[in-house]
1. Can you give the extra length, in nm with one decimal, that the chain gains between E75 and S117 once fully stretched, where that is 0.36 nm per residue apart less the Cα-Cα distance?
2. Considering only protein heavy atoms and a probe of 1.4 Å, how much of the accessible area of the range 67-127 is carbon and sulfur, as a whole percent?
3. Apply the Karplus curve 6.51 cos²θ - 1.76 cosθ + 1.60, θ = phi - 60°, to the phi angles in the range 87-95 and return the couplings in whole Hz, x for Gly and Pro.
4. Averaged over all directions, how much area does the convex hull of the C-alpha atoms of the range 30-176 cover when projected, in nm²?
5. Distances longer than 16 Å among the Cα atoms of the range 57-125: what percent of all pairs is that?
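The values are calculated or read from the model by the stated rules, or taken from the named source; none is laboratory data. In this text, all values refer to a predicted model and were calculated from it rather than measured experimentally. The area values use the complete protein model at the heavy-atom level, side chains included, leaving out ligands, DNA and RNA. Shrake-Rupley method; radii C 1.70, N 1.55, O 1.52, S 1.80 Å.
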Amino acid sequence: MSAFDPLRTFRQIVSPVGERQRFRYGCIMHSLTARYEPDDDGTGELLITVQGDYAGTGAAWFSEDQLNAFCDALERYPLDKADLPRLEGGYWDDTKRGGLKERHVGLLVAPHDALGSLSVSVSLAEPAENADPYARRRAVTTWFLVGYNEVAQFARELKRLVAGGPGSAVLERRVS
């Protein structure tokens with residue numbers, strides 16, 4: 001292979017400048033990394049980092065039951081379009097119907113095509129300053145494709161974290 005690779009050069013030119021997009025062996029790496037920091041009351045903070053076309057970090061508190069139910073939903077095959085694996089956390093609105101007032105972490109996994117690809121939608125945001133929901137804040141929303149095997153592996157790793165295991169759970173896909 002010559003020193004000049006037009007396809008790789010094209011990818012570098014059209015990629016968002018300044019993003020944390022990583023090139024490895026001519027592939028773009030899309031990844032979602034989850035770390036869990038448990039509290040002693042059966043809840044914990046889930047810290048999510050996404051890297052790829054766009055990058056960002058967010059965190060929200062979840063109960064162990066919520067996270068285990070999300071993992072169980074991720075392990076279903078095939079995914080039911082009427083009951084997709086979804087995890088959302090942030091500040092809850094106690095005055096209305098109990099919905100989210102401010103979402104800091106949002107994950108949704110859905111079928112993408114007939115070949116078995118899954119779309120992972122990620123929405124991350126920092127909390128608004130002074131509890132003002134209209135305040136300016138940093139946020140990222142992105143998505144990437146993975147397969148059922150990658151999602152099942154991520155679910156097993158996340159369950160291990162919730163059970164008190166060390167490290168992180170990683171969902172990644174190399175795109176050539």
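1. On the way: separation 42, 0.36 × 42 = 15.12 nm, distance 1.43 nm.
Between E75 and S117, full extension yields 13.7 nm more.
2. Numbers: 1640 of 3430 Å².
Ligands and nucleic acids excluded, carbon and sulfur give 48 percent.
3. Along the range 87-95, the couplings run 9, 9, x, x, 8, 8, 9, 7, 7 Hz.
4. Details: hull surface 39.0 nm².
Projected over every direction and averaged, the Cα hull of the range 30-176 covers 9.7 nm².
5. On the way: 1269 of 2346 pairs.
Percent of Cα pairs beyond 16 Å in the range 57-125: 54.
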